[in-house]
Amino acid sequence: METNNKHYSDLAIPPGEYLLEASAELGLNQADLARRMGRPVQAISEIVKGIKAITPDTALQLEEVLGVPAHIWTGLEADYQLIRARAQAEQHIEAEAADVGCFPYAEMARLGWVRKTRKAIEKVRELRRFFGVASLSNLPDVRSYAPAFRKSRHKNLSHETLAAWLRAGALEAEQIPTRPFDKKALKALIPEFRQLSVTSPESFQQKLLKRLADVGVALVLLPHLPKTYTNGATFWIHPDKAVLMMTIRGSWADIFWFSLFHEIAHILLHDKRRIFLEDGSDDAETRVQEQEADHFASNTLIPISAYTAFTQTGIFTAQSIHNFAKSIGIAPGVVTGRLQHDGHIAHHCHSHREQYKWAL
């Protein structure tokens with residue numbers, strides 16, 4: 001990671017001080033200079049004190065009267081204003097340093113997203129660089145991060161952590177080469193993705209990444225961050241490139257496949273301009289679209305007619321679950337997870353459920 005090692009002067013010297021020296025060398029006081037320039041004496045006094053800026057017009061007049069090129073005057077003025085602005089920016093950084101604890105900095109540093117440091121001010125600079133903002137207070141107003149700051153049913157949700165997770169996913173997705181998005185081709189891949197559920201991550205992970213990239217979807221798998229309460233997100237970084245983010249939360253295979261198809265539903269069914277974040281939002285429109293994605297995932301993984309017939313038997317032994325899953329071509333753990341969700345079996349019954357080990 002590159003860092004900016006430039007050092008800047010923190011001494012803001014008004015160009016008016018140089019103006020006094022240049023005038024004195026010609027034997028001119030402020031009143032003489034004002035008359036030669038056709039300017040009020042007060043204007044010259046304010047320039048000397050640093051109250052009034054040297055404009056391009058003033059710089060040209062000084063060039064005529066004092067013989068010092070106009071670009072020297074405008075350069076001195078620009079340097080003075082930049083040093084003052086930098087000093088004010090440092091004050092803002094110090095103010096933001098008090099709130100840096102809201103961000104999961106240690107975890108972000110461990111993952112290589114930001115540079116390791118114990119200094120709060122350096123953390124602020126690193127976080128600004130990571131998020132691409134001039135101030136951390138701007139995050140809720142940036143479209144890419146706004147969903148992380150919306151109202152949620154999770155009281156302990158860390159908005160800052162969720163924003164960091166989204167940003168990391170977007171940065172990784174930028175590095176994934178994809179073909180232009182092809183909706184029809186993505187739909188055609190769904191049967192193949194279902195079949196991948198019976199294999200292990202070692203077998204399907206790279207295949208899944210490549211298949212999605214070929215149809216214009218960048219799949220990003222990231223570790224779970226505490227207090228994010230999400231399994232996935234979907235957004236577009238280009239009209240022809242969708243991002244499907246998933247967190248390996250709990251590593252349960254059935255949750256992974258349900259979340260994958262849930263996010264695919266957003267890509268196929270919903271507005272490209274929206275960012276879909278699976279976090280339990282209270283927004284009515286979002287809830288409707290989340291429900292649509294849930295139905296798509298459920299019915300894609302387990303066809304409703306076959307599922308209804310199976311549940312009507314009332315027989316949910318390990319063998320019956322295995323046989324049913326085999327008959328519809330998916331992993332039996334997916335069936336177990338669905339049965340648990342729908343209340344047909346207890347949550348402590350983990351027949352066939354498995355936890356994946358990912359290579360991230």
### Message
With the requirement that a residue be more than 30 Å from I47 (Cβ to Cβ), in a helix (DSSP H, G or I) and touching a Leu at 6+ places or on another chain (Cβ under 9 Å), what does region 73-117 give you?
### Response
E96, V100, C102, Y105, E107, M108
### Query
Condition test on V124, is it modelled with pLDDT under 95, surrounded by 17 or more Cβ atoms within 10 Å (Cβ to Cβ) and either aliphatic (A, V, I, L, M) or under 24 Å from T247 (Cα atoms) (or both)?
no
### Test: residue in region 97-104 that is within 24 Å of P223 (Cβ to Cβ), among the small types (G, A, S), at pLDDT 95 or above and surrounded by fewer than 15 Cβ atoms within 10 Å (Cβ to Cβ)
no
## Note on the structure
With criteria (1) in contact (Cβ under 8 Å) with a residue 60 or more places away in the chain; (2) surrounded by 20 or more Cβ atoms within 10 Å (Cβ to Cβ); (3) under 30 Å from G329 (Cα atoms); (4) among the hydrophobic types (A, V, I, L, M, F, W, C), I190 comes up short on (2)
### Query
Pairs under 7 Å by beta carbon, first residue closer than 11 Å to Y356 by Cβ in region 193-211, partner among the hydroxyl-bearing types (S, T, Y), six or more apart or different chains?
P201/Y356
### Task
Please find, among A253, A242, the residue that is under 16 Å from A297 (Cβ atoms), touching a residue at least 60 places away in the same chain (Cβ under 8 Å) and crowded, with 20+ Cβ neighbours inside 10 Å.
A253
### Query
Quick one: which helices (runs of 4 or more DSSP H) sit completely within region 238-351 and have at least 3 residues that are modelled with pLDDT under 90?
284-301
## Note on the structure
Within region 46-59, the residues that are assigned to a helix (DSSP H, G or I) and either surrounded by fewer than 14 Cβ atoms within 10 Å (Cβ to Cβ) or not hydrophobic (A, V, I, L, M, F, W, C) (or both) are E46, K49, P56, D57, T58
### region 38-55, residues that are more than 18 Å from E77 (Cα to Cα) and hydrophobic (A, V, I, L, M, F, W, C)
V41
### Every residue from region 153-180 that is outside any helix (DSSP H, G or I) and in contact with a helix residue (DSSP H, G or I) (Cβ under 8 Å, 6 or more places away or on another chain)
S158, I176, P177, T178, R179
### Task
Six or more apart or on different chains, Cβ under 9 Å: which pairs go from a residue in region 104-117 that's within 18 Å of G132 (Cα to Cα) to one that's crowded, with 20+ Cβ neighbours inside 10 Å and of a type in the set (D, E)? Could you list them?
P104/E160; Y105/E126; M108/E126; A109/E126; W113/E126; V114/E126; R115/E126
### Query
Which numbered condition trips up L66, out of (1) in contact (Cβ under 8 Å) with a residue 60 or more places away in the chain; (2) out of contact with any Pro (no Cβ under 7 Å at 6 or more places or on another chain); (3) surrounded by 17 or more Cβ atoms within 10 Å (Cβ to Cβ)?
(1)
### Task
Scan (1) touching a Ser or Thr at 6+ places or on another chain (Cβ under 8 Å); (2) assigned to a loop (DSSP other than H, G, I, E, B) for the single condition I190 breaks and write down its number.
(2)
### Query
Does at least one position in region 302-323 carry a residue that is surrounded by 13 or more Cβ atoms within 10 Å (Cβ to Cβ), aromatic (F, W, Y) and touching a residue at least 40 places away in the same chain (Cβ under 8 Å)?
no
### Query
If a residue has to be within 24 Å of the chain's Cα centre (by Cα) and in contact (Cβ under 8 Å) with a residue 12 or more places away in the chain to count, how many in region 78-97 make the cut?
5
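The values are calculated or read from the model by the stated rules, or taken from the named source; none is laboratory data. Please read these numbers as outputs of a predicted model, since none were measured by experiment. Cβ: placed from backbone, ideal geometry, glycine included. Neighbour counts: every protein chain shown.
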